[in-house]
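We did not get these values from a lab; they are worked out from the coordinates using the rules stated. Because the structure is a prediction, the values reported are computed rather than measured. Note that we place each Cβ from the backbone using ideal geometry, even for glycine, and neighbour counts take in every protein chain shown.
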């Protein structure tokens, strides 16, 4: 925990991206989370991904609920729009914002308390509706702000810092997202940015509801022996499903995997995901296979990370509702009240 | 790449760029922090211990520390270290009661010191408190050597020289002024246990071109002329003056000329402006006093009218690089340039001269007629004769002379105690954690973003007609404090303990300078390429940990670390700690001998 702002100086070789920003330009205020919090690593990954994707910060909206996770949007993208909503209500506020202005890039930040307990219904419906967003769930299995009680994602049998054993069945957020119709589902680990950053970039390019569950150890309340969401446990039980390379549409594809070792997925905007299949075949475009894959590994006691499922040609809320091309917030009175003549026409057509 | 062995004191010493670059290894950040805290006397004493002449060096040092300063790589310019030293000297209280006292009992050993300049005085200062009887001989009536004779008073007031020389002489040292040693042989015959030669490089190089003899009375050798000015033997010069040469002596000559009646003063240099040996700030100071510098002009002839100097003719040259990249000055073929003048000062270099050292007494000389001197012990081939300062390896600067003095004093002490002088006592290194609380450190870890501050100067009309009125006024306290805050405390080291690291990436993410990387091991050249930010400054070390739990290593590039302690603040397990390295070179005295022995026993 530091009270000092990060010094303005940066490395002399710090590069600028295509829109003229350095990575430091995507930072926010200095974090007030505990030292070593996984959430800070995720913030760093978001900063890196946005820098690499040449995002213009003013075209981003970051929304969150309540909790340690929901504080994080303050710690990156200091020049973007932000909305800290009521507990568990991030999905509905974000849906509203997205409905009004579909031109922004939407990040939803939530935690296991915010999404798997109080906001479970909200989470499910945002996935179901296909709201075009990157939903990141910073999952540490405890209520950190209230001093370390088990959350709804804590594994059955895992121990709290004080030794209590969790008797409840956990909510498996990736399975739930798949069930509810998310069209991009991934799981990652805050301690593995090489995996996380390309996943975030791919999720940003995906049109539709993209969900990433990120195991993010709570160093203060859930990083002990007996925890199933500690740094050590994650490193010992992490089954990397695939390695992902994200190639934006304008870049030449230079990644070269041998036939049979990789698979290419082209997204709606022409960008390409290159996936190396690390261990075993995982048909990430097949929802049933993805669900089986997750379940099988869960039984084995390992946590699979990587891209678990994608539907590249997914559609989003606006397509479902057949809205106009112009974002609704930019429609003026002229378009919304086209006048008596038009009304007459409509009425006539309904007669 | 093997894990870094931080137990080797040189590792952290090298991180403190300024201290590493200082020949006397002054603990710069330590005294700058004391200045920031308003403890000027304490800051002065730290300097006094290391470099002996803080007030003098604070005005005249060649500042090898400043080009080395990490701040210069972090932003545009280094910390004004030299002028902060002056602040310590200018604003200290009376520190006389903190100086060593002359010992009540002498140890019976007598040391002769030839020359009363910085090297000899440093030797005497180190040895006198230990009981050695030191006798300093100088041809001039007062001590200080070139500091007194060659540096003009408007840069270095006499009071400062007197004060700092007296601090040393008051340690019970005998100063024999006005006595030139003409024979080392006869000095050796006297009852001295050791002799230190710190007589400087006393001979200014002459320029033998047509006309030199005819107009001899209007041509002066720079250092001799400065010395005569210093002692008041010369107080006028012609209206039109040409100074030949591009070093700091040339800058002192031209600026002195401006004050002694020179109205049209020029500096003419063979080489280009950038290659001139003078320090950049000294060139600036000269130009600030309306003294133009002409480059690429080689003097060809002194012109005269029946023995009355009329000027100098110069050949125009340009720099050409040969196949091996060596620079050569070749004539451009343009017509020669002629400058009129009434006086000429020749400041084209200095040479050593040892006519008083007999060649049959056991002191070997090399082909350049320089004595063979050991670079570490400062000992000549005659065991009880030591050399230091410009006399040892040719003209350098005051701070180098002081460093030589420390080493020679150490050697003399070891020798006269019957020790092996080639075994040097190690650097005294202590590490002290600065952690005081969760986000509280024993040093100020916020990083000032202010740019380098300039010192104050008196209005030009107040000093330009006086040879003794100090032109540069130094920092006022408010500016000094702001400048002191620019120091980034490189001596507060980032110390890593691999056993407690949980590889959470917090340090990697927070580091403002992208210095830290957790990655797979590799050899150094490979690692340098694949860090968070490429480590292209190969003069700066990589701090590599042993293998972490995942088999990876932590690598920290020391190059542009701000020493802000954010890595340690964000570390949940205290694997990073900020520890102040107190590094001191061993000086003459009992401590070092014991330490050597202790090390041997261990």
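Quick notes on this one:
- Sum of -39500 (n - 2.57) over DSSP H runs of 4+, divided by residues of the protein assembly as shown (222 nm, nearest 500): -8500 deg cm²/dmol
- Compactness index (Cα Rg / 2.2 N^0.38 Å), region B:29-154: 1.22
- Under the simplified labelling scheme, the residue B:96-residue B:473 pair shows an inter-label distance of 2.8 nm, with each label point 7 Å from Cα along Cα→Cβ.
- Distance between the pseudo-spin-label points of residue B:460 and residue B:73 (7 Å out from Cα toward the beta carbon): 3.8 nm.
- For chain B, averaging the sequence separation of C-alpha pairs within contact (under 8 Å, six or more residues apart) and dividing by the residue count gives a relative contact order of 17 percent.
- Length-normalised contact order of region B:515-563 in % [C-alpha pairs under 8 Å, at least 6 apart]: 46
- Here the translational diffusion coefficient of region B:255-396 follows from Stokes-Einstein with Rh set to the Kirkwood radius across Cα pairs; for 10 °C and 1.306 mPa s it amounts to 85 µm²/s.
- Cα gyration tensor category, rounded, prolate or oblate, for region B:362-503 with a/c compared to 1.5: oblate
- Inter-chain Cβ neighbour count for A:37-46, averaged per residue, equals 3 (cutoff 10 Å, partner chain atoms only).
- Out of every Cα-Cα pair that the protein assembly as shown contains, those further apart than 46 angstrom amount to 46 percent.
- Protection proxy ranking of B:213-221, B:379-387, B:150-158 - average other beta-carbon atoms within 10 Å, highest first: B:379-387, B:150-158, B:213-221
- In this entry, region B:212-269 is assigned a mean projected area of 3.8 nm², taken as a quarter of its C-alpha convex hull surface.
- Report note on the peptides B:296-307, B:473-484: ranked by the mean count of other C-beta atoms within 10 Å, highest first, their order is B:473-484, B:296-307.
- Inter-label distance, residue B:179 to residue B:582: 4.1 nm, where each label sits 7 Å from its Cα along the C-beta direction.
- Angle in degrees between helix B:248-259 and the longest Cα principal axis of chain B, rounded to the nearest 10: 60
- Computed extension length for residue B:236-residue B:212: 6.5 nm, one decimal, from 0.36 nm per residue of separation with the Cα-Cα distance subtracted.
- Equivalent ellipsoid, region B:517-578 (semi-axes from 5 times Cα gyration tensor eigenvalues, Å): 19, 16, 8
- By DSSP, the beta bridges lying fully in the protein assembly as shown are antiparallel in about 50 percent of cases.
- Computed with the Debye formula from one identical point scatterer per Cα of region A:1-139, without solvent, the log10 of I(q)/I(0) at q = 0.13, 0.14 Å⁻¹ comes to -0.55, -0.64.
- Rounded to 5, percent antiparallel among DSSP beta bridges of region B:204-351: 55
- For residue B:170 and residue B:193, a Förster radius of 35 Å and the Cβ-Cβ distance give a FRET efficiency of 0.95, rounded to the nearest 0.05.
- Centroid-to-centroid separation of region B:1-30 and region B:176-218 [C-alpha atoms, Å]: 38
- Estimated FRET transfer efficiency (residue A:321, residue A:5; beta-carbon r; R0 51 Å; 0.05): 0.75
- FRET efficiency, residue B:573 to residue A:296 (Cβ-Cβ, R0 30 Å, nearest 0.05): 0.30
- When only alpha carbons are used to place a centre, region B:272-316 and region B:332-357 end up 9 Å from one another.
- If you wrap the Cα atoms of region A:23-321 in a convex hull and average its projected area over all directions, you get 14.2 nm².
- The mean number of partner chain beta-carbon atoms within 10 angstrom of a residue's beta-carbon across peptide B:322-335 is 0.
- The antiparallel fraction among DSSP beta bridges confined to chain A stands at about 40%.
- On Cα atoms only, tilt of B:81-91 relative to the major axis of chain B in degrees: 80
- Projected-area mean, region B:414-488, by convex hull of Cα positions, square nanometres: 11.4
- When only Cα pairs below 8 angstrom with a gap of at least 6 residues are kept, region B:492-584 shows a relative contact order of 44 percent.
- Folded to 0 to 90 degrees: helix B:118-127 orientation relative to chain B principal axis, Cα: 50
- In plain terms, if you count all Cα to Cα distances in chain B and split them into 10 Å steps from zero, the share in each step is 3, 15, 23, 24, 20, 11, 4, 1, 0 percent.
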